[in-house]
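Visitor: Submitted below is the structure of interest, expressed as C-alpha cells.
The values are calculated or read from the model by the stated rules, or taken from the named source; none is laboratory data. As the structure is a computational prediction, the values presented were derived from the model and not from experiment. Because the Cβ atoms are built from the backbone with ideal geometry, glycine has one as well, and the counts that use them run over all protein chains shown.
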Amino acid sequence: MSRTPHDQAGFTLVELMTAVALTVILTGAMLGLAQRAHQGLGGTQANLAAVEDWRTIVAELSRDLRAARSVASTADRVLCATGAGDVAWTLRDGELVRSADGEPTRRMGAVEELRVVDEGASRRIVLAVHRPKDTHPLVFSTLVTPRTEAVR
C-alpha cells in the first residue's frame, strides 16, 4: 500500500501532546522564575525604603546636634538644648522617639542602639538598626561638627 502526500501531512497526536507538555513545563518554569524575581524586588524595595528612613533619622539628629547650644547624652537618651527649646531623642524598647519640647514628633522602630560619642570638638552619632531578615544590625555612623558662628 502506498501513501499519498495527503496522508503524510500534519503531526501525529503523540507529537502534538509532547509539544503541548513541553510548552506547559517551560512556561511554568519561566513563571516561577519571574515570581521569585518579583518577590526579591519587593524585599529590596522595602529595604531601600527602610534604609532611607534611617538615613533621614541620622540627618535629623545631626541637624539637632549642630543647632544645640549644649548636648547631654546617656545610654538611651540624647538631649539637645537649643535657643528655641529642647529636643530629646529617646531609645526605649527598640523604638527611637524624637520629642520637641516634650511632644513626640517622630518615631522609628527596630533601633538597637543610639550613641553620641564626643570626639574632640566633634560628635559621632552611632545608630544601629535591626532588619528582620539580617542576623547583624545595620550601623549608621556619622561625624557631626559643631556649627561655627562668625565672630564680630
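Visitor: In a helix (DSSP H, G or I), of a type in the set (S, T, Y) and either at pLDDT 85 or above or more than 26 Å from E112 (Cβ to Cβ) (or both): is that true of T18 in this structure?
Guide: The answer is yes for T18.
Visitor: Of the conditions (1) more than 30 Å from Q39 (Cβ to Cβ); (2) of a type outside the set (D, E); (3) exposed (fewer than 12 other Cβ atoms within 10 Å of the Cβ); (4) modelled with pLDDT under 80, S70 fails just one. Which one is it?
Guide: Going through the list (1) more than 30 Å from Q39 (Cβ to Cβ); (2) of a type outside the set (D, E); (3) exposed (fewer than 12 other Cβ atoms within 10 Å of the Cβ); (4) modelled with pLDDT under 80, S70 breaks only (4).
Visitor: Any chance you could count how many residues in the range 82-127 are assigned to a strand (DSSP E or B) and surrounded by fewer than 18 Cβ atoms within 10 Å (Cβ to Cβ)? Lay out the reasoning, then the answer.
Guide: Keep residues of the range 82-127 that are assigned to a strand (DSSP E or B), which gives 82, 85-92, 95-100, 103-108, 111-119, 122-127.
Remaining after also requiring surrounded by fewer than 18 Cβ atoms within 10 Å (Cβ to Cβ): 82, 85-86, 90, 92, 95, 97, 99-100, 103-107, 112-113, 115, 117-119, 122, 124, 126.
Residues meeting the conditions: 23.
Conditions (1) at pLDDT 85 or above; (2) in contact with a Lys or Arg (Cβ under 8 Å, 6 or more places away or on another chain); (3) of a type in the set (D, E), marked per residue:
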site	(1), (2), (3)
V87	yes, yes, no
T90	yes, yes, no
D93	yes, no, yes
E112	no, no, yes
V116	no, yes, no
S122	no, no, no
P132	no, no, no
